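Novice: So that we are looking at the same thing, I have put the structure below in structure tokens.
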Amino acid sequence: MMLDFSDLAVVDVHCHPYTRKDRLSADEWVDEVSFGGGSAEYLKAGGIAVDDAALETLQRVKRDTLYFRYMLRRLAEYFQVDATVAAVVEARNRAIADQGYAAYARSLHQAGRIETLIVDDGHPLPPVNLERFRAETGVEIVPIFRIEVLIQQLLDEDSGWAKFQRAYDEGIALALSEGGYKGLKSIIAYRTGLDIDPGSRSSDQGMIALEKIRRARGRGGDAIKNLRDHLFCRAIERCIDFDVPLQVHTGMGDWEVHLAACRPALLMELLRYPAYRACKVLLVHTGYPYQAEAGYIANVLPNIWCDLSEGLPFAGNAGKRIIAEVLEMAPPSRVCYGSDTYGTPEPFYTSALLGKQALAQALQDLIDDRFMTEAEARDIAKMIFSENARELYGI
Amino acid sequence: MMLDFSDLAVVDVHCHPYTRKDRLSADEWVDEVSFGGGSAEYLKAGGIAVDDAALETLQRVKRDTLYFRYMLRRLAEYFQVDATVAAVVEARNRAIADQGYAAYARSLHQAGRIETLIVDDGHPLPPVNLERFRAETGVEIVPIFRIEVLIQQLLDEDSGWAKFQRAYDEGIALALSEGGYKGLKSIIAYRTGLDIDPGSRSSDQGMIALEKIRRARGRGGDAIKNLRDHLFCRAIERCIDFDVPLQVHTGMGDWEVHLAACRPALLMELLRYPAYRACKVLLVHTGYPYQAEAGYIANVLPNIWCDLSEGLPFAGNAGKRIIAEVLEMAPPSRVCYGSDTYGTPEPFYTSALLGKQALAQALQDLIDDRFMTEAEARDIAKMIFSENARELYGI
Amino acid sequence: MMLDFSDLAVVDVHCHPYTRKDRLSADEWVDEVSFGGGSAEYLKAGGIAVDDAALETLQRVKRDTLYFRYMLRRLAEYFQVDATVAAVVEARNRAIADQGYAAYARSLHQAGRIETLIVDDGHPLPPVNLERFRAETGVEIVPIFRIEVLIQQLLDEDSGWAKFQRAYDEGIALALSEGGYKGLKSIIAYRTGLDIDPGSRSSDQGMIALEKIRRARGRGGDAIKNLRDHLFCRAIERCIDFDVPLQVHTGMGDWEVHLAACRPALLMELLRYPAYRACKVLLVHTGYPYQAEAGYIANVLPNIWCDLSEGLPFAGNAGKRIIAEVLEMAPPSRVCYGSDTYGTPEPFYTSALLGKQALAQALQDLIDDRFMTEAEARDIAKMIFSENARELYGI
């Protein structure tokens, strides 16, 4: 008899808000909810003709992944229709038309027992109106603030360092004190990589780097990396001041991430640097496919958490493996469920299903291998699905 | 009841031709079909005495791996003899003597349902005569052209860049237009590593690098890397011109490969570079043991395929794990069976057996975990064993 | 019916001596036997207040890992008490009071069938008296010599290169010839990383590097790395002279290790360098979580062994996975059980239990997947638990 966690409440520690889409064609829906597989824009930029055959291939490949197959199958069960894209999309369009968008979204969230979404509203841009998102989904929304959105705004202005620095600090402080944001998020992994020099704290480094960027006419060398490293360290210090967690992207992303620069191991020197030890850091995506590195860091350093999102659900059958490898070393009290889903309500629901299935399998193995009792397994499942995130974010 | 794919036709997307060896001693056969474990030449170059004890240890260790144990056991079943090296070698020698070499090779290929071999004839050197190989094995032979063989020939000549460049382009064009080659292959991972600078396209880079190599008397610095990076980019462009795929070695090789320079993740920046997006790239060996990186790249970039060879069969029990991890993100339509076998017909057969067993196990787990139906699993198996490679190579 | 290796004798190829601790409080015992989770000192250095709440969190997290849960549960069975820290600590304190320390330690070692400990006495420092340790544990003690302890002593003196070099060579020679040490050990991974330049053999490199360190006043650049690389190469040559193995730390360590600098793959270029091929090298911790890299190296290079310690037991449920991944390529005759345990007798016992459980599971899978017979599995288990280490160390 398998463990069954379907009744457990879910806090999704990392995901993105979305705007309502009442009616989608089959292809539009696939583009909205699938992961990877390229796009017409990607092909065009590579000088590849985007004809009907190319568009058909894009659709075929997107529908081909294990992630998509699982999602489609679970939604077919939910709507009690055939497991085809056409039938599922028709069913969700009809349900929205019949019930209204908010009722539809709520029923999916409730079916997954999703109570709280901790959302990074730095994607999509321009930001989704969170009041409306909250009203439509009927779940608690806890926003976190992506520093790279602010950094880009400041880079786009023609300010000097004094102004840049003040605007950066004030922007963060405002977000955390009055903006309702409960923590910060960084995607520096996408920009200049995770090999951040811990000694980048000095404001001089920021000043010199910005000076080079403003004057460089393309010859700034490492200036942009030095600036981002400095601003990252500065963000950690703000998190310590405000006693809020920092989410850091690690591991997989989309096609723009340079995977080799995103290993969690690259962060280790920074995370243990004395000046940053007081900051609670959540390793977003637990560094998939380098999840064992993230688990290791969460073991040997005391203020590190692992977020299971993106690998779970987008890496399909990886869910059980990710959980098992993270738990090899990470204390269960340092692991949080997340989905990184976006776009429409459907993947939020199927991700929760997959997460519960994967955790049940991983913990069942641990019971069988005499690491814990069934009661301990259930306690751990509660911690991972909601309690750890609630404690970390004080919600 | 397990899935059974023993009836499925096999296209081996990456392997090597071989010359006939009618009669081998037990030790010779072990040297021919085993993987790793060192050699007398390796020890001698390290100043190690190669006495009888050393030779005995070499043999013992080669016979010790899981790969070898599996192969021996399956061949013993095939020949209906004891699972000892002596009995199996005696049986294969006798079978060749009785049936003739060609009939023997054909019967093994037919037993594995192997229909087509896509062969890199850059190993062994001098190249095997493919006409004779085709006649002896009775399977379809599709050759691919290893650019490093041509590069070495051109380096050995005393030409300047104008001649080098012309001979390189013409050599590739001739191979693809008249030589019967259906694509290119690169082992740059073995030479200067996969961190290829995508901006190496300019012919100037090739000229400057060759100039340094010709004059350097050992002080060329990065010249050889710059030259190889340039020639690699040039090869991609030829693949786009001729609309043929490029096979790129990633991950494990033999003792000469520097594993740290062979991670598929290192290739990502190059593969998404706009100028190269139209090239179909097969990540050979799917980067074992970094197969999850290869699967990830095959998900987020639209023109990337994964070849399962070498890890399967030489990493023994890894087969199921490699497939499961690749399929975490790679669309099944982007995954091809390959063996990287060489030397004699026997490993081609046992590799196909192991591949079918491993894929059956991996897909059974996916059925059990509700990712697909049994019918979908069988469709995927057909794609991986033959259809994807046939579509990719137009055969 | 599962394989059962509980009767097999154990040689622990990598662990640490300890001093007797007759009576421990629950918290003290947890600090002694747990792994990771930070410490009051770590927090203080980061400016974090170490109040009661912080201390309670440290304890809670340390008790939370799978490693700790497994150990506690097995000890509760051993003592026939409840699986709580209080009950287990009370039971071990009482047993020591009743039986005496030596009898207690011996009974635990005997329960695990632990016959021999190959100990690195470079941790803890000052070194544990091995005569007393031998008397108290009743097992055979085989010490190995950690070169970094000697290097630190020599760095602390104000000697020039001539004296440094002589003292280094003589210190090693004395340890191996008269000190009873059966091999060397290096933790260069912790210091300057495993990307050791194989060309560091020249004594000139040592001299120039030491000169810079002595004069640098903080501006020595790569001098310390160059010195350590040189001394590492020198240690390999001593191992060849004395025909003893070298243990090299790879992969996981504690919070001080920079994981990114510890991948076994980084060592590959050095290990195959002709001058070092005659040295038998044991990859300590088999590079967890990069164990597949270690297994690969042990396959393609003939004088490399893998030690399973630290991942097993400290990575909890990883044991089975580590073994399975190492055996993908490493010949079973090149794999040794180790624990890396320390502190008190209890973890030595539970690590042996976990190792036997994990190996039984891993080998059962290999039988089921037709890689070997049950008899072969048992032979391999004997090799891994004792025979390989006995052969390697000549004990």
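The values are calculated or read from the model by the stated rules, or taken from the named source; none is laboratory data. What you see is a predicted model; the values in this text were computed from it and never measured. Quick reminder, even Gly has a Cβ in these numbers, built from the backbone with ideal geometry, and neighbours come from all protein chains shown. Accessible surface is based on the protein model in full, side chains and every heavy atom, while ligands, DNA and RNA are left aside. Shrake-Rupley method; radii C 1.70, N 1.55, O 1.52, S 1.80 Å.
Novice: Go through (1) modelled with pLDDT under 95; (2) β-branched (V, I, T); (3) open to solvent by less than 10 Å² (accessible area, probe 1.4 Å) and name the single condition A:I395 misses.
Specialist: Tallying (1) modelled with pLDDT under 95; (2) β-branched (V, I, T); (3) open to solvent by less than 10 Å² (accessible area, probe 1.4 Å), A:I395 fails exactly one: (3).
Novice: Give the residue, chosen from C:L24, C:L3, that is touching a residue at least 12 places away in the same chain (Cβ under 8 Å), of a type in the set (A, V, I, L, M), over 30 Å from C:P245 (Cβ atoms) and in a loop (DSSP other than H, G, I, E, B).
Specialist: Only one candidate passes the filter, namely C:L24.
Novice: Here are some conditions: (1) of a type outside the set (D, E); (2) modelled with pLDDT under 95; (3) more than 21 Å from C:C262 (Cα to Cα). C:G199 meets all but one. Which one does it not meet?
Specialist: Result: C:G199 passes all but (3).
Novice: Just one of the numbered conditions (1) out of contact with any Lys or Arg (no Cβ under 6 Å at 6 or more places or on another chain); (2) open to solvent by less than 30 Å² (accessible area, probe 1.4 Å) is not true of B:I144; which one?
Specialist: (1)
Novice: Could you figure out which of (1) more than 20 Å from C:L308 (Cβ to Cβ); (2) under 27 Å from the mean Cα position of the chain (by Cα) isn't true of C:A53?
Specialist: Of the numbered conditions (1) more than 20 Å from C:L308 (Cβ to Cβ); (2) under 27 Å from the mean Cα position of the chain (by Cα), the odd one out for C:A53 is (2).
Novice: I'd like to know if the range C:41-51 contains one or more residues that are more than 8 Å from every other protein chain (Cβ to nearest Cβ) and crowded, with 17+ Cβ neighbours inside 10 Å.
Specialist: no
Novice: Name, by its number, the condition in (1) in a helix (DSSP H, G or I); (2) free of Cβ contacts under 8 Å to residues at least 60 places away in the same chain; (3) in contact with a helix residue (DSSP H, G or I) (Cβ under 7 Å, 6 or more places away or on another chain) that does not hold for A:V50.
Specialist: (1)
Novice: Can you tell me which residue in the range B:340-353 is nearest to the other protein chains (Cβ to nearest Cβ), limited to those that are open to solvent by less than 10 Å² (accessible area, probe 1.4 Å) and assigned to a helix (DSSP H, G or I)?
Specialist: Among them, the one singled out is B:T350.
Novice: For the range A:261-273, give me the residue count where each residue is away from chain C (no Cβ under 11 Å) and either open to solvent by 30 Å² or more (accessible area, probe 1.4 Å) or among the aliphatic types (A, V, I, L, M) (or both).
Specialist: Final tally of qualifying residues: 1.
Novice: Evaluate the following for C:H230: is it touching a residue at least 12 places away in the same chain (Cβ under 8 Å), under 25 Å from C:D340 (Cβ atoms), in contact with a helix residue (DSSP H, G or I) (Cβ under 7 Å, 6 or more places away or on another chain) and away from chain A (no Cβ under 14 Å)? Even if it seems obvious, please write down each step before you answer.
Specialist: Details: touching a residue at least 12 places away in the same chain (Cβ under 8 Å): yes; under 25 Å from C:D340 (Cβ atoms): no; in contact with a helix residue (DSSP H, G or I) (Cβ under 7 Å, 6 or more places away or on another chain): yes; away from chain A (no Cβ under 14 Å): yes.
The answer is no for C:H230.
Novice: Which one of the conditions (1) more than 14 Å from chain C (Cβ to nearest Cβ); (2) buried (at least 24 other Cβ atoms within 10 Å of the Cβ); (3) within 23 Å of C:I196 (Cβ to Cβ) does B:D222 fail to meet, given that it meets all the rest?
Specialist: Evaluating B:D222 over (1) more than 14 Å from chain C (Cβ to nearest Cβ); (2) buried (at least 24 other Cβ atoms within 10 Å of the Cβ); (3) within 23 Å of C:I196 (Cβ to Cβ) leaves (2) as the failure.
Novice: Scan the range A:104-125 and tell me whether some residue there is among the basic types (K, R), in contact (Cβ under 8 Å) with a residue 60 or more places away in the chain and open to solvent by less than 20 Å² (accessible area, probe 1.4 Å).
Specialist: Among the residues of the range A:104-125, not one is among the basic types (K, R), in contact (Cβ under 8 Å) with a residue 60 or more places away in the chain and open to solvent by less than 20 Å² (accessible area, probe 1.4 Å), which makes the answer no.
Novice: Is it the case that the range B:299-318 has a residue that's over 18 Å from A:R60 (Cα atoms) and more than 19 Å from the chain's Cα centre (by Cα)?
Specialist: Looking through the range B:299-318, none of the residues is over 18 Å from A:R60 (Cα atoms) and more than 19 Å from the chain's Cα centre (by Cα).
Novice: Something else about it: Quick one: count up the residues across the range B:22-40 that are surrounded by fewer than 21 Cβ atoms within 10 Å (Cβ to Cβ) and either of a type in the set (S, T, Y) or closer than 16 Å to C:V300 by Cα (or both).
Specialist: 6
Novice: Residues that are out of contact with any Pro (no Cβ under 6 Å at 6 or more places or on another chain) and over 30 Å from B:L184 (Cα atoms): which helices (runs of 4 or more DSSP H) entirely in the range B:62-156 hold 2 or more of them?
Specialist: Once the helices (runs of 4 or more DSSP H) in the range B:62-156 are filtered for at least 2 residues that are out of contact with any Pro (no Cβ under 6 Å at 6 or more places or on another chain) and over 30 Å from B:L184 (Cα atoms), what remains is B:66-79, B:85-99, B:101-111.
Novice: From the residues in the range B:323-339 that are outside any helix (DSSP H, G or I) and among the small types (G, A, S), which one is nearest to the other protein chains (Cβ to nearest Cβ)? It would help to see each step written out before you state the result.
Specialist: The first filter runs over the range B:323-339 and keeps only residues outside any helix (DSSP H, G or I), leaving B:330-331, B:335-339.
Restricting the remaining residues to those that are among the small types (G, A, S) gives B:330, B:338-339.
Details: B:A330: 8, B:G338: 17, B:S339: 16 Å.
The qualifying residue nearest to the other protein chains (Cβ to nearest Cβ) is B:A330.
Novice: Before we move on, is B:L210 under 20 Å from B:V119 (Cα atoms), more than 14 Å from chain A (Cβ to nearest Cβ), of a type in the set (A, V, I, L, M, F, W, C) and open to solvent by less than 10 Å² (accessible area, probe 1.4 Å)?
Specialist: Details: under 20 Å from B:V119 (Cα atoms): no; more than 14 Å from chain A (Cβ to nearest Cβ): yes; of a type in the set (A, V, I, L, M, F, W, C): yes; open to solvent by less than 10 Å² (accessible area, probe 1.4 Å): yes.
No; evaluated as a whole, the condition is false for this residue.
Novice: Just to check your reading of the model, which residue among B:F145, B:F164 is within 24 Å of B:D241 (Cβ to Cβ) and over 20 Å from the mean Cα position of the chain (by Cα)?
Specialist: Numbers: B:F145 fails: over 20 Å from the mean Cα position of the chain (by Cα).
Answer to the selection: B:F164.
Novice: Find the residue count for the range C:288-322, including only residues that are touching a Leu at 6+ places or on another chain (Cβ under 6 Å), open to solvent by 10 Å² or more (accessible area, probe 1.4 Å) and facing another protein chain (nearest Cβ under 8 Å).
Specialist: 1
Novice: Of the residues that make up the range A:57-73, is at least one away from chain B (no Cβ under 13 Å), open to solvent by 70 Å² or more (accessible area, probe 1.4 Å) and either touching a Ser or Thr at 6+ places or on another chain (Cβ under 6 Å) or farther than 30 Å from A:I395 by Cα (or both)?
Specialist: no
Novice: OK, next. Listed residues B:Q99, B:Q80; which is more than 14 Å from chain C (Cβ to nearest Cβ), without any contact (Cβ under 8 Å) to a residue 60 or more places away in the chain and at negative phi?
Specialist: On the way: B:Q80 fails: at negative phi.
Only one candidate qualifies: B:Q99.
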